[in-house]
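Visitor: Input: one structure, supplied below.
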Amino acid sequence: MDKRTKVFICAAASYWFLSVMAIIGRSRKRKRVARREGITYAPMFERDRKRIEYLNDKIWRNDTTCVNMLRMNKARFFRFCQLFRDHALLEDTIHMCVEQQVAMFLHTVGHNVRNRVIATNFGRSGETVGRYFNKVLHAIGELREDYIRPPSLDTPAKIEGDTRWYPYFKDCIGALDGTHIRATIPKEMQHAFRGRYKHCTQNVLAAVDFDQKFTYVFAGWEGTAHDALVLRDALACEDGLRVPQGNSLTYVLSINLFIKITGSLRCNLTTHHMLGKYYLVDAGYGAKPGFLPPFRAVRYHLNEWGRNPVQNKKELFNRRHCSLRIIVEQAFGALKRRFKVLDDASPFFPYETQVDIVIACCIIHNWVIEDGSDEFNEPDDNDENTQDTIYAGTTSENAIMLAFRQGLADQMWADRQSHGN
């Protein structure tokens, strides 16, 4: 092969190689151009406009619609959103303001709907809904110490202003009880959460004051756990439930000496001061320092001025005890009416998130009460509808609290017989 032929072949090969590379380059360029042409910001502005229109027309059009959708009226909702701005817990993003973030959260817990429903209604992706739900949940949890506070040690106005309860319960600081919240649990663990209900539940212990505000919430126990066991764990926790009491040594020695001398523990200022404060509880918890239950096996579902008047001091005590303790049932009722995620079908979240949701709902409940009247509070003064649940296997009761309860019942009955109150 001569030199001229070799040059011709090399030139042809070079031309072929360059032609192939040019074709590949044009193909990649067309793909890049096509990709760039697919990115446009104009539809995002239109989508944001439609999102705001949905909020204006379907969420906070008026108070009735806002309560139905977000479980609070318009003015209260915007004050609630401002709370997060003031505490620097939430902030507006490029395409989502704080109001939209909070609205999605409240609609979810208020109606127990799935992320895909919220995503469709609010024009968001499922990932966006889940991400902002967790952000709002965390922000509400940061307010726990501000809104779930220990009760005041002063005599509650509700007790002080009524001769049925004053001075007998003047050192009572609230009522304590447990409630069962529906839970979604992995199949292999469901046996521990399915107790007296057909569905799985978590056992939530809570204390409330006489304004229906939660002063302590302990969530996460299995539905099969006994209420007394949950209370014992709450008392054992480092940052758990605390009931203000008198000096322990003076308390025990003084009460024992008083009982030996008088044979009973009368309701007077001295014994009240020595015993300290206490919560009203049902019979399932038993009598122990700081917790006062009713008498067991004694009726109290009575109409005092009806056909079944009270017959003795224990019935009188139980009736008045119940009429005060019902405040915790009313608080649970208002909480579950507002947030259907606590009372409807099983929630669609991991169990750890379900526990956090219970705490968050209690925080919102307290904030609403401090903000003003509660749309979901339906007080029921008819204590005949309450149930005094007595469980088997209750731990031994404290003799001092038993004597204290008997002294209260004696004093109530004596006052009723002499003054008719």
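Visitor: Using the basic label-point model (7 angstrom from Cα toward the beta carbon), what is the Glu53 to Thr353 distance in nanometres?
Guide: According to this spin-label approximation, the distance is 3.1 nm.
Visitor: Shifting gears a bit: Would you calculate the separation in nanometres between label points at Val20 and Arg149, each defined as 7 Å from the Cα along the Cα-to-beta-carbon direction?
Guide: 8.0
Visitor: Continuing with this model, one more query. For segment 89-166, what's the relative contact order in percent, using C-alpha pairs closer than 8 Å and at least 6 residues apart?
Guide: Numbers: 38 pairs, mean separation 18.7, N = 78.
Taking the mean separation of contacting Cα pairs over the length of segment 89-166, I get 24 percent.
Visitor: Here's another thing I want to ask about it. Counting every Cα pair in segment 39-185, what percent are over 21 Å apart?
Guide: The calculated P(r) of segment 39-185 puts 58 percent of pairs beyond 21 Å.
Visitor: Let me know the volume per residue of the alpha-carbon convex hull for segment 134-196, in Å³.
Guide: 166
Visitor: Dipole size in debye (nearest 20) for segment 42-142 around its Cα centre, Lys and Arg Cβ +1, Asp and Glu Cβ -1?
Guide: Rounded to the nearest 20 debye, it is 300 debye.
Visitor: Arrange the following residues from fewest to most other Cβ atoms within 10 Å of their Cβ: Asp86, Asp211.
Guide: Asp86, Asp211
Visitor: Hull surface divided by four, with the convex hull built on the Cα atoms of segment 131-251: how many nm²?
Guide: The number I arrive at for segment 131-251 is 11.0 nm².
Visitor: What does the extension gain come out to for Thr65 and Glu142, with contour length at 0.36 nm per residue minus their alpha carbon separation? Don't skip to the end; give the middle numbers.
Guide: Values: separation 77, 0.36 × 77 = 27.72 nm, distance 2.86 nm.
Full extension of this stretch gives 24.9 nm more.
Every number in this text was worked out from the coordinates using simple rules, so none of it is lab data. Given the structure is predicted, the values throughout are model-derived calculations rather than measurements. All Cβ positions, even for glycine, are placed from backbone atoms using ideal geometry, and neighbour counts span all protein chains on display.
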